[in-house]
1. So, of the residues in segment 123-142 that are open to solvent by 10 Å² or more (accessible area, probe 1.4 Å) and touching a Gly at 6+ places or on another chain (Cβ under 6 Å), which turns out to be nearest to W175 (Cα to Cα)?
2. When both residues are 6+ apart or on different chains and their Cβ atoms are under 8 Å apart, which pairs have a first residue that lies in segment 143-155 and is at positive phi, and a second that is in a strand (DSSP E or B) and crowded, with 20+ Cβ neighbours inside 10 Å?
3. Any idea which of (1) part of a loop (DSSP other than H, G, I, E, B); (2) modelled with pLDDT under 85 is the one S9 doesn't satisfy?
4. Tell me the residue from S172, S226, S202 that is touching a residue at least 24 places away in the same chain (Cβ under 8 Å) and either surrounded by fewer than 22 Cβ atoms within 10 Å (Cβ to Cβ) or closer than 16 Å to L268 by Cβ (or both), please.
5. Which condition number in (1) β-branched (V, I, T); (2) open to solvent by 70 Å² or more (accessible area, probe 1.4 Å); (3) closer than 16 Å to F140 by Cα is the one that T240 fails?
6. Looking at I62, I55, I91, which is the one that is modelled with pLDDT of 95 or more and in a helix (DSSP H, G or I)?
7. Checking T107 against (1) within 26 Å of T191 (Cα to Cα); (2) not in a helix (DSSP H, G or I), which test does it fail?
8. For residues that are not in a loop (DSSP other than H, G, I, E, B) and not polar (S, T, N, Q), tally how many sit in segment 65-88.
Amino acid sequence: MKKKRWLFSLIFISVVMLLSGCDTKLMVLDPKGPVAKTQSNTIIFSILMMALVLIVVYILYIFMLTKYRASKTPDDYEPPHMEGSKWLEFIWTAIPIIIVAILSVVTVRTTYAVEKVPAGYEDQKPLVIYASSSNWKWHFSYPEEGIETVNYVNIPTHRPVEFRLYSYGPISSFWVPQLGGQKYAMSDMVTKLNLVAEHEGSYMGKNSNFSGKGFAQMEFEVLAQSPADYTKWVNEVQQTAPKLTEQEFNSVLHTDFVGRKSYSSTHLKFSPPPMDMSEHGHGGDNSTDSKESGKDSADHMQDMGDMKDMNDHSSMEHGH
């Protein structure tokens with residue numbers, strides 16, 4: 001009776017889990033750009049490799065249970081003494097090494113590939129967008145167009161986009177599953193993420209790193225538009241959106257939850273990003289701009305209140 005009840009419970013839970021996932025699309029396996037496509041292929045390849053291993057293990061398991069199952073033998077029966085096989089020991093040691101080596105090579109190649117501008121787009125000038133996080137929102141600054149948005153970002157299709165990530169608060173993780181993998185946004189350096197959208201559409205972006213009570217609301221929309229529609233949108237924002245003042249920017253920083261906002265200027269002049277570690281390195285003298293940038297970021301973090309330790313570290317580094 002207990003076995004039947006346990007089996008029924010297992011079947012019920014499995015059916016519920018299956019039905020609950022019917023309306024949920026696995027976005028990482030529905031890529032809309034070359035970076036996400038490369039990562040999706042790596043995930044699928046890894047899954048198939050692991051599935052092959054499981055199939056072989058299950059077949060051997062059933063075979064061993066069937067062939068060497070217990071049988072009725074006399075009480076004084078002693079099985080014959082058998083020496084181990086060196087070839088078998090070599091085989092079952094070599095196979096895992098080969099599997100790990102294959103997965104390692106594929107993973108390393110993928111990692112290097114997604115860190116660069118996707119193949120086929122190397123000759124195009126990337127669209128630079130500074131994406132900065134704060135509690136609990138995302139700010140997107142377009143230095144080329146001179147505009148800024150909050151909690152949404154529009155990009156043109158078939159053009160490389162270089163997101164430059166940093167944070168005015170805790171460490172966040174910038175992630176657009178259908179365009180590429182996540183990357184951290186930190187307070188004292190800029191990290192870069194290269195993405196390309198090859199299909200027009202609306203894609204969900206989010207903070208995938210737990211950074212406090214409001215991180216679940218740190219979702220934003222990435223709208224991939226045709227180049228003509230993107231240019232039209234930029235012109236509209238430039239002509240109709242208000243200027244972003246330092247007072248307005250500080251007000252947005254200190255407001256926990258805000259909706260979508262658009263501005264016809266950016267915060268980069270009065271609150272520049274921290275120095276880019278990939279360009280300046282981790283040692284040596286910093287430029288004046290980098291020091292001023294670090295000072296502004298530190299001042300904002302001090303205002304946030306909950307980043308005191310990080311602010312002290314930044315102050316020591318820049319000599320405040």
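The values are calculated or read from the model by the stated rules, or taken from the named source; none is laboratory data. These numbers come from a predicted model, not from an experiment. Please note: Cβ atoms are built from the backbone with ideal geometry, for glycine as well, and neighbour counts cover all protein chains shown. The area values use the complete protein model at the heavy-atom level, side chains included, leaving out ligands, DNA and RNA. Shrake-Rupley method; radii C 1.70, N 1.55, O 1.52, S 1.80 Å.
1. Within segment 123-142, the match that is nearest to W175 (Cα to Cα) is W136.
2. N151/K137; N151/W138; N151/F220
3. (1)
4. S226 is the lone residue from the list that is touching a residue at least 24 places away in the same chain (Cβ under 8 Å) and either surrounded by fewer than 22 Cβ atoms within 10 Å (Cβ to Cβ) or closer than 16 Å to L268 by Cβ (or both).
5. Every condition holds for T240 apart from (3).
6. After applying the criteria, what remains is I55.
7. (2)
8. Qualifying residue count for the region: 5.
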